[in-house]
Amino acid sequence: MTAWEPMKKMNLQKRKALGRGLETLLPAARGTATAPAPAADAIREIRIEHIDRNRYQTRGHIDETALNELAASIKANGVMQPIVVRPTRDGRFELIAGERRWLACQRAGKQTVPAVVRQVSDQQALELTIIENLQREDLGPMEQANAFDRLSREFNMTQEQMAQRTGKDRTTISNYMRLLKLPPEVQELLRRALHLTFSHAKLLLTLTSEEEIRHVVGEIIRKHLSVAQTEALIFNLKNPSSQNGHSQEMRPADPNVRAAERQLEESLGVRVFIKDKKGKGKIIVEYATLEDFDRIVEVLSKK
């Protein structure tokens with residue numbers, strides 16, 4: 001009896017849920033000649049050296065500290081959830097899901113790893129890998145942006161379809177994909193989490209030119225600006241007279257109104273101004289391109 005056997009009963013429900021999730025993500029595999037038989041969901045112990053890294057992996061960075069902690073846990077307690085692989089050739093397998101567990105098992109000195117073997121096509125493996133990564137919370141913003149972009153380009157998925165597949169809000173997906181419009185060097189800073197956060201990046205996207213974006217990024221780095229300070233800098237850049245107090249009325253003093261502005265900016269991905277006076281006023285939505293305009297109309301229509 002292997003160390004995995006006592007865990008089987010305890011993890012039965014988890015494995016069933018995993019199977020249902022994969023069937024949902026890969027509907028084409030149901031009811032076809034290539035669909036795996038029920039026995040394919042059985043847990044197998046596969047030698048680690050017989051498993052190859054997923055060629056479709058979209059993750060570019062793995063936290064070394066977290067990986068070492070997982071390896072220590074596996075060494076002490078074993079693997080609590082199997083990885084998912086697919087057979088290739090000559091008795092070898094390719095990872096589909098569970099790269100961190102596979103790497104941690106190697107560091108823990110394990111000879112084998114529990115795995116679910118699935119018969120899936122290249123296209124299904126790519127789609128499942130991307131979606132599995134997107135459902136993780138530690139994926140970086142640029143990794144998410146590139147993953148969504150691949151789903152769009154390689155599978156012709158709309159943002160609505162991506163939202164259904166990943167469980168993420170469509171507006172969130174739109175905001176991530178818009179990061180790919182930033183200058184390459186800014187994307188790299190965001191990818192390496194150097195000075196910039198996703199919240200900084202969304203503010204940068206309200207600017208109309210790469211020159212302005214590079215200027216603001218330079219100020220963020222030089223002055224270690226917070227998101228709120230960056231927002232003020234961008235506002236003053238767009239409204240120079242406000243620095244002299246001539247357009248101060250554009251900035252609402254009421255914190256509730258400011259919070260509403262931020263919420264709208266989060267949803268629409270563009271700069272929003274609210275002018276309120278005793279419960280009456282106007283909402284001003286800025287857009288820089290026709291693409292922004294179409295997206296705003298779509299979001300507001302759905303709301």
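The values are calculated or read from the model by the stated rules, or taken from the named source; none is laboratory data. Everything numeric in this text was worked out from a predicted model, so none of it was measured. Every residue, glycine among them, receives a Cβ derived from its backbone with ideal geometry; neighbour counts consider all protein chains shown.
For the range 131-161, the set of residues classified as under 17 Å from Ser174 (Cβ atoms) and either β-branched (Val, Ile, Thr) or in contact with a strand residue (DSSP E or B) (Cβ under 8 Å, 6 or more places away or on another chain) (or both) consists of Thr158 only. When residues in the range 174-196 are screened for being part of a helix (DSSP H, G or I) and at pLDDT 90 or above, 13 of them pass.
Scanning the range 89-115 for residues being touching a Lys or Arg at 6+ places or on another chain (Cβ under 8 Å) and more than 16 Å from Arg47 (Cβ to Cβ) gives a total of 2.
Restricting Asn146, Asn68, Asn156 to those that are under 29 Å from Gln187 (Cα atoms) and over 22 Å from the mean Cα position of the chain (by Cα) reduces the list to Asn68. Quick check on Leu126: is it over 9 Å from the mean Cα position of the chain (by Cα) and either polar (S, T, N, Q) or not assigned by TED's automatic domain parsing to the domain that holds Glu265 (or both)? For Leu126, the condition - over 9 Å from the mean Cα position of the chain (by Cα) and either polar (S, T, N, Q) or not assigned by TED's automatic domain parsing to the domain that holds Glu265 (or both) - is met. Hey, any hits in the range 125-137 for a residue that's among the hydroxyl-bearing types (Ser, Thr, Tyr) and either crowded, with 20+ Cβ neighbours inside 10 Å or within 21 Å of Ala66 (Cα to Cα) (or both)? Looking through the range 125-137, at least one residue is among the hydroxyl-bearing types (Ser, Thr, Tyr) and either crowded, with 20+ Cβ neighbours inside 10 Å or within 21 Å of Ala66 (Cα to Cα) (or both). Can you confirm whether the range 148-168 contains a residue that is surrounded by fewer than 17 Cβ atoms within 10 Å (Cβ to Cβ), closer than 22 Å to Gln57 by Cα and among the aromatic types (Phe, Trp, Tyr)? Yes; the residues of the range 148-168 include at least one that is surrounded by fewer than 17 Cβ atoms within 10 Å (Cβ to Cβ), closer than 22 Å to Gln57 by Cα and among the aromatic types (Phe, Trp, Tyr).
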